[in-house]
Each structure stands twice: as structure tokens, then as C-alpha cells.
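The values are calculated or read from the model by the stated rules, or taken from the named source; none is laboratory data. Computed from a predicted structure; not experimentally measured. When we count neighbours, we look across all protein chains shown, and the Cβ atoms used for this are built from the backbone with ideal geometry, even at glycine. Surface areas here come from the heavy atoms of the whole protein model, side chains and all, with no ligands, DNA or RNA. Shrake-Rupley method; radii C 1.70, N 1.55, O 1.52, S 1.80 Å.
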Amino acid sequence: MLLPKFELHEPVSIEDALELKQSHGTDARLMAGGTDVLVLLKKKVIFTDTIISLLQIKELSQITQTNDTVIIGTCATMAQLSASPVIQEKFSAIKTACQSLGSHLIRNRATIGGNCCNASPAGDTIPALMIYDAKVMIESADNKRELPIKDFFKGPGKTDLTPNEILTGFKLPIPPANSGAHYIQLGKRQSSEINVVNVGSFLEYDPDTKKVLNTRIALGSVAATPIRAEKAENLLKGKPAEESSFYDAGEAARKEDCKPIDDFRGSAAYRQAMIGVLTKRTLQAAFEQAK
Amino acid sequence: MKKIISLTINDQAYEIAVESNKTLADMLRYDLDLTGTKKGCDTGDCGACTVILNGDAVNSCLVLAVQTDGAVIETIEGLATDQGLHPIQEAFVEKGAIQCGFCSPGMIMSTKNLLDKNPNPTEQEIRKGISGNLCRCTGYQKIFEAIDSQKP
């Protein structure tokens, strides 16, 4: 398959990239690892005359930690994130999600910003970022803004980004003590698979009362975008941190939060059933980690 | 428009002018005649085009050649020496880990990258290490045995 002709820009600073994006607007396609963009170009799903690669901008691939926050640059790769000590220690569900995406060959190139901007309902890193309450950091030549990641997705392949904007990174609050999280993806095989369903759960509990203080549950592949299971979350808050509560949350997520469709990867009924199971399992694992 | 890039492939320095829309796999095969690297799906699913780029195994069909300026690349052609085949290649021959041979260069480059990073992998680590490489003759068990035989 031949790639169509395009002009490639490789800016070395964010400022230069933003200026290029401003002057080219919708005509230019941003690219990081290229594992999605190049496939879409080869298959003629997307068309562009101009590609702006972000790979030469060193600061965009950094993972930086301050007192209470971690910032993940948009070009951090799956392999880099799974090997990062701070991600392994504080954000284990992101590590698991990054290890679930594609194959090891893809993970050496694929980036977290690319996975989000591709905006697949089945994207691996998205539920993991959602449960840690990540904010997406967005810049244009004349503006900077931050947005909770749950508000970033507008539909399959569609995000809140305007033509001049670039997603530069993710800001994550360091999770409190007595909290844990887990991510599970279900596919037909374990490698190079597009998820049938994927679920992430975060849970913070009070060791004195043994009750759930806070929880975030995110579901993938069961709606037009990855979603938060808000009904399940509300049901679980304040409940005893034990298996029966996790089961009830799973039931709420299955019956009320998810709206899956039938497709060749799985039926809506199967997806719905699995949401119940995986929500319960991820909550249980999150609780084990929190203890 | 072509851009001139310099890179090291199998310990040899190259300078070459490439179009921005040429993939690394195409540059290796059609410009440099390094046809050991195969093209299967061309979309990052099959792993036939696996090469080691700056120490990491990648699908060379999903890397733009112009973006490998300054890179160090290892391909299947770099493994054998005047003394003969590389020990991994010997093991594949020994264990019969080859049927049609199309997946072998990619499979062997993934194996090399796995063993470079982790000389004593577990069974799971070996199976995961080659999980991005498809073999349509379903020879995975013999491939697994060949890799397993390389452990110290």
C-alpha cells in the first residue's frame, strides 16, 4: 500500500508546531507515533497534504512529577509509560492499559496522545486516564486550556480540539493513600486486538469505616465514546467496600450506564454482560490494591 | 520533495535521499535492496517487517523513512557474519522453526530484541515477545522451542 504524497513538517518546539497548525488549520494532520495515522492514510480513510510530526519536540515525550501532580507528555509511548517508575507505582491501571494496546512492536511507537486523539470508543488508555481524573492540556498559538478528559470525546474519531489546537499532555493528580485502581480489557486474543469491552475502576476507601469514599468507573467500547459509569459510581459511594457492593455497582453499570451495539466483535448483550463482570472484577482488584 | 538522511544500518553508514511518504520498510527493500525485511499486511498487524530501531523492535511499515535520520537500525541481514549464521538463526534451523519462511525475518528480529533486553525470559515472556509476529503456517510451538533453547 502506498502512502499518498504529503509535506512533512517536523517542528522542534511547541511554539513552532502551534504556528504551523494555525497556518494550516484543518488541512494539516498532526502525527506522533504514526501507528494510526499512517494506517488510515494507507487505507485512504483520511486524506491530507500536510503532516505535522510532534516527535522532534523533546518536552512532549516527558513524564514529569511535582508534589501532587504528574504530567504525561502527549508523545510518551506505551513502552515508555509501562516502564516509568512513577506510572508503575502511582498509576498502575495506566501501566496495564499501555501494556494492553496493540503488540510490543506497536507499543514502541504508539503514543498516549495519539491514542486519545484517535478517539476510538475502544481506545485502551482512555478509561485508564478517566479513572485517575486526568485533565487534557490543550494549546493553540494564542490560548491554553485544560479540560476534564471525560469531556474531551465527542464521538468516534471526534474530539473537542479545534483546528488550531494541539493536545500537549495530560495532568493527573497523584492518587490519595488508601486508593487503588485496575484496568481490564477483553478481546478475542491477547495481542494486537481491538477491545470487545474495556473497563477501568478507581476506588478510595476509609480504613476506619471500611466504606467507599470515592470511586470512578470508566467503560470502553459500549458507547460512541469511552464513558464514565456515573450511576454505578453514585451507587457505590458510601457503601461498604466489599464484594456485594462491587457486584451491585457492576449491575448498575451493566443495566443503566452502558449502551453497547452489536457488531462483528461482539453482540450488545455479550458486551453488556461483560461490563457487569469486569466492573466488579476491576473494583475488587482496585480494593485489594487500596488495602 | 526528497530529504537527505544519514543513518546506520547493520553497522554500516548510509546517506540517502528519500521522499517524505516512503516508509522505512520500502526504503530498506526498494532503495537499499535489503529485501530480507518482508512486507505482509503493511498496516502493523503481522510483524513481517520487524526491524530494530534504536534498540526497540518496530513495524518498519509504520515508520517514515525520513524520520530515521540519525537512527541505528538492525535488520535480518545484519545477523549472520563470515563465521556463519547468528545463534538465533541456527536455533530456528535446528528446531525446524521455519515452514514457508515469510515470517522468519520478523520473528527472528523480535526474538533478538527480546533476548537483548531479557536474556532469560519465562515462557510467558517469550510468547508475549513474539505476539506481534504472525505465522500463518502455525509454527509457533517450534518457534517457541527455538527461542527457549537460547536461554543460558
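Take the solvent-accessible surface of the protein heavy atoms, probe 1.4 Å, and return the percent of it on the stretch B:64-145 that carbon and sulfur atoms account for. Show your work: numbers first, answer last.
On the way: 2100 of 4020 Å².
Ligands and nucleic acids excluded, carbon and sulfur give 52 percent.
Using the crude model of +1 on Lys and Arg Cβ and -1 on Asp and Glu Cβ, and no other charge, please compute the dipole size for the stretch B:12-152 relative to its Cα centre, in debye to 20. It would help to have the intermediate numbers written out before the result.
On the way: 12 positive and 19 negative charges, 104 e Å.
With only Lys, Arg, Asp and Glu charged at Cβ, the dipole is about 500 debye.
Report the Cα-based extents of the stretch B:87-148 along its three principal axes, largest first, to the nearest Å.
So the three principal-axis extents are 28, 22, 17 Å.
How many square angstrom of accessible surface are buried between A and B, both sides summed, with a 1.4 Å probe and rounding to 100? The partial results should precede the final answer.
On the way: alone 13520 and 8000 Å², together 19290 Å².
In total, this chain pair buries about 2200 Å².
Express the accessible area of the stretch B:87-148 per residue in Å², computed with a 1.4 Å probe while the remaining protein chains stay in the model. Display every interim value, and only then the final one.
Working: 3010 Å² over 62 residues.
Computed with neighbouring chains in place, this is 49 Å² per residue.
Please report the spacing between the Cα centers of the stretch A:1-47 and the stretch A:219-291 in Å, no decimals.
36 Å
Of the candidates B:GLY132, B:GLY101, B:GLY40, which one comes out as most mobile in a Gaussian network treatment of chain B with C-alpha springs shorter than 10 Å?
The residue that fluctuates most here is B:GLY101.
Just how large is the dipole of the protein assembly as shown about the Cα centre, in debye to the nearest 20, putting +1 at every Lys and Arg Cβ and -1 at every Asp and Glu Cβ?
Working: 49 positive and 54 negative charges, 260 e Å.
So the magnitude is around 1240 debye.
Quote the relative contact order of the stretch A:7-53 in percent (integer), defining contacts as alpha-carbon pairs under 8 Å separated by 6+ residues.
On the way: 42 pairs, mean separation 28.1, N = 47.
This gives 60 percent for the stretch A:7-53.
At 7 Å along the Cα-to-beta-carbon direction for both A:THR66 and B:ALA13, put a label point, then send me their distance in nm to one decimal.
4.5 nm
What are the extents of the Cα atoms of the stretch B:59-104 along their three principal axes, listed from largest to smallest and rounded to whole Å?
38, 25, 11
Which ³J(HN,Hα) values in Hz, rounded to whole numbers, follow from the phi angles of the stretch A:202-211 under the Karplus curve 6.51 cos²θ - 1.76 cosθ + 1.60, where θ = phi - 60° and Gly and Pro get x?
10, 9, 10, 10, 9, x, 6, 8, 6, 10
Find the accessible area per residue for the stretch B:2-78; the probe is 1.4 Å, ligands and nucleic acids are left out, and the unit is Å². Don't skip to the answer; put the middle values down first.
Numbers: 2770 Å² over 77 residues.
Roughly 36 Å² per residue, with all protein chains present.
I'd like the residues of the stretch A:91-127 whose 1.4 Å-probe accessible area shrinks by no less than 10 Å² going from the isolated chain to the full set of protein chains.
Residues passing the criterion (a loss of at least 10 Å², heavy atoms only) are A:SER103, A:HIS104, A:LEU105, A:ILE106, A:ASN108, A:ARG109.
Once you treat every alpha carbon in the stretch B:32-86 as an equal point and sum by Debye, what is log10 I(q)/I(0) at q = 0.17, 0.19, 0.31 Å⁻¹?
-0.57, -0.70, -1.33
Could you work out the relative contact order of chain B, using alpha carbon pairs under 8 angstrom and six or more residues apart, expressed as a whole percent?
Working: 268 pairs, mean separation 36.8, N = 152.
Rounded, it is 24 percent for chain B.
In Å, the Kirkwood hydrodynamic radius of the stretch A:1-61 over pairs of distinct alpha carbons?
Numbers: mean 1/r = 0.0841 Å⁻¹.
Computed over Cα pairs of the stretch A:1-61, the Kirkwood hydrodynamic radius comes out at 11.9 Å.
Output ³J(HN,Hα) for the stretch B:97-104: one whole-Hz value per residue in order, computed from phi by the Karplus curve 6.51 cos²θ - 1.76 cosθ + 1.60 with θ = phi - 60°, and x for Gly and Pro.
7, 9, 10, 7, x, 5, 7, 4
Relative contact order for the stretch A:58-173: what percent, with Cα pairs under 8 Å and sequence separation of 6 or more?
Details: 209 pairs, mean separation 32.0, N = 116.
Once divided by the residue count of the stretch A:58-173, the mean separation gives 28 percent.
Per residue, how many Å² of accessible area does the stretch A:44-126 show with a 1.4 Å probe? Show your work: numbers first, answer last.
On the way: 3060 Å² over 83 residues.
Ligands and nucleic acids excluded, the figure is 37 Å² per residue.
Roughly how compact is chain B, stated as its Cα Rg over 2.2 N^0.38 Å to two decimals? Don't skip to the end; give the middle numbers.
On the way: Rg = 15.2 Å, N = 152, 2.2 N^0.38 = 14.8 Å.
That works out to 1.03 for chain B.
Quick one: in the stretch A:243-282, what % of C-alpha pairs are over 13 Å apart? Each step should come with its number before you reach the end.
Numbers: 351 of 780 pairs.
Counting every Cα pair in the stretch A:243-282, those more than 13 Å apart make up 45 percent.
5 Å is the cut-off here: which amide hydrogens, built 1.01 Å from N in the peptide plane, fall below it relative to A:GLU193, excluding neighbours closer than 5 in sequence?
A:GLY102
List the lysines whose Cα lies under 19 Å from the Cα of B:LYS95, skipping any in the same chain that are fewer than 8 positions away.
Straight-line reach from B:LYS95, under 19 Å: B:LYS112, B:LYS142, B:LYS151.
If you count the DSSP beta bridges with both ends in the protein assembly as shown, what percent of them are antiparallel, to the nearest 5? Let's see the in-between values first.
On the way: 59 of 68 bridges.
The antiparallel proportion sits near 85 percent.
Report, by chain and number, residues whose modeled amide H sits under 5 Å from the one on A:VAL70, excluding near sequence neighbours (fewer than 5 apart, same chain).
Amide H neighbours of A:VAL70, under 5 Å, 5+ apart: A:LEU172, A:ILE174.
Quick query: amide H of B:CYS46 versus all other amide H atoms, modeled in the peptide plane; which residues come in under 5 Å with a sequence gap of 5 or more or a different chain?
B:CYS41
In angstroms, what radius of gyration and Dmax does chain A have, counting Cα atoms only?
Over chain A's Cα set, Rg and Dmax evaluate to 19.0, 63 Å.
Taking the convex hull of the alpha carbon atoms in the stretch A:152-291, what volume per residue do you get, in Å³? Don't skip to the answer; put the middle values down first.
Numbers: hull volume 17.6 nm³, N = 140.
Hull volume over Cα atoms, normalised by residue count, gives 125 Å³.
Provide the per-residue ³J(HN,Hα) series for the stretch A:7-19, in order, calculated from phi with Karplus coefficients 6.51, -1.76, 1.60 and θ = phi - 60°, each as a whole number of Hz, with x at glycine and proline positions.
Rounded to whole hertz, the list is 8, 9, 9, 10, x, 9, 10, 4, 4, 5, 5, 5, 5.
Quick check for the stretch A:189-291: number of Lys pairs with alpha-carbon distance under 15 Å, counting only pairs 8 or more apart or on different chains?
Close lysine pairs under the 15 Å cut-off: 13.
Per residue of A:50-63, how many C-beta atoms from partner chains lie within 10 Å of its own C-beta, taken as a mean? Mind dumping the intermediate values first?
Details: counts 0, 3, 0, 4, 0, 2, 2, 0, 0, 0, 0, 0, 0, 0.
Per residue, the average neighbour count from other chains is 1.
Pop out the carbon and sulfur fraction of the accessible area of chain A as a percent, whole number, probe 1.4 Å. Write out the running numbers ahead of the final one.
On the way: 6140 of 12390 Å².
C and S fraction of accessible area: 50 percent.
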